[in-house]
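Worksheet: the structure to be examined is printed underneath.
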Amino acid sequence: MTGRGIDQILPHPSPARLHESCVKNAVHYVTLAERRNGDIPRPVCPTYIWGAAPKVLDDIKPDLRIANLETSITANNNFWPGKGIHYRMAPGNIHCLEAANFDCCTLANNHVLDWGYAGLGDTITALNNAGIATTGAGRSIDAATAPARISITRRNDVLIFGFADASSGVPQAWRADKKRAGVNLLPDLTIDSARRVTEQILAVKGVGDIVVASIHWGANWGYDIPDAQSKFAHYLIDHGAADIVHGHSSHHPKTVEIYRQKPIIYGCGDFITDYEGIGGREEYRPWFSLMYFVTLNLQSGNIEALNVVPLRAHRMRLVHVSTEDRRWLLEKLNALGKAFSTRFTLADDRLVLVEPIVP
């Protein structure tokens, strides 16, 4: 979420006025972060907010970088009425996303239309002009449901599909249709919905293609995995529609399941936000920002490795976490993963999945 307070420290901030019930100026979120951890220079360069992340990416060299972008990129001032929070980043600050070298941003979430249909159109235009593919929202239902297709070898494309479920707070009015822009909003997480999604994916998935189903679902807080989420993800995998299920919406990391050698990340947690100085919910340690590196076999689509690198925000940039934090995260993820026989171990600065990967 590169809007609001993050946007204010970048070179071309949006007007700071907010329409929230308590906070009326976006600079307040910068002030809270400074009270917590010290002064933040302004303006910062486009790479500043990523902090330690680029070095991690340079070391691991992933073929593809995918993120859920939970903000509008627009100068439009017409915010969506009735919503409590509206995120936006000024188009002039697009360089911060370019600096991260994202290949694809999924837009099926509960903030991409915070600044209306014009804001959505501006967001898609800004990302496409920056060479970043989009999926999950669009100017019509056909555009919103279309995958982003990115080639990684001569024989292998990765197809990213973006979906949202109303449980994440997406208004029903945001659902895209034939005549209206919007989000690829699922009617529910029933097996009937999973069947329709599977048919949609299989209609375009070819031999050698890898599919990422990126889904914005569930509440902001809580470790429980709703039965509907598991059944939905399992159906996509059982019927050959998904090789990775990339779940997000929770403000903290949730468990990972390896189902039939396909990873289901039920909740990635937040990565970039302006929440650094906001108190509460400390029991979840929501300051973790996790990078998930999934290695797949390109012939079978099965998982070969999963590495998780935890970072945290400090003065609105990402830094490595303490040894104590890494150990706490390891214990938490392993406790949550018992239900799925999922176990990690520590290796240097990362958590490495050791079970239940089968060669």
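Each reported figure results from applying straightforward, stated rules to the coordinates on display, with no laboratory input. Remember, it's a predicted structure, so these values are computed and weren't measured experimentally. In this analysis, Cβ positions are derived from the backbone assuming ideal geometry, glycine residues included, and neighbour counts consider all displayed protein chains.
Just from the alpha-carbon atoms, what are the Rg and Dmax of segment 5-355 in angstroms?
19.2, 54
Have a look at the DSSP beta bridges in the chain and tell me what percent are antiparallel, nearest 5.
So the antiparallel bridges in the chain amount to around 55 percent.
With 10 angstrom as the radius, rank Val30, Val354 by how many other C-beta atoms surround their C-beta, starting from the fewest.
Details: Val30 25, Val354 13.
In order of increasing Cβ crowding within 10 Å: Val354, Val30.
For the pair Lys24 and Ala173, what calculated FRET efficiency results from E = 1/(1 + (r/R0)^6), where r is the Cβ-Cβ distance and R0 = 25 Å, to the nearest 0.05?
0.50
Calculate one ³J(HN,Hα) per residue across segment 267-283 by plugging θ = phi - 60° into the Karplus curve 6.51 cos²θ - 1.76 cosθ + 1.60, and present them in order as whole Hz with x for glycine and proline.
x, 6, x, 7, 10, 9, 8, 10, 8, 3, x, 7, x, x, 6, 4, 4
Could you please rank Arg42, Arg285, Arg154, placing first whichever residue has the fewest other Cβ atoms within 10 Å of its Cβ? Show your work: numbers first, answer last.
Working: Arg42 14, Arg285 17, Arg154 7.
Final ranking by Cβ density, sparse to dense: Arg154, Arg42, Arg285.
Calculated from DSSP H runs of 4 or more alone, at -39500 (n - 2.57) each and per residue, what is the 222 nm mean residue ellipticity of the chain, nearest 500? Spell out each step's value before the answer.
Working: 9 runs with 87 residues, N = 359.
That calculation yields -7000 deg cm²/dmol at 222 nm.
Expected output is a single nm value to one decimal: the length gained when fully extending between Asn220 and Arg35, i.e. 0.36 nm times separation in residues minus the C-alpha distance. What is it?
64.1 nm
Any aspartates and glutamates with Cα under 18 Å of the Lys338 Cα? List them, leaving off those in the same chain fewer than 8 positions away.
Lys338 reaches Asp224, Asp227, Glu257, Glu355.
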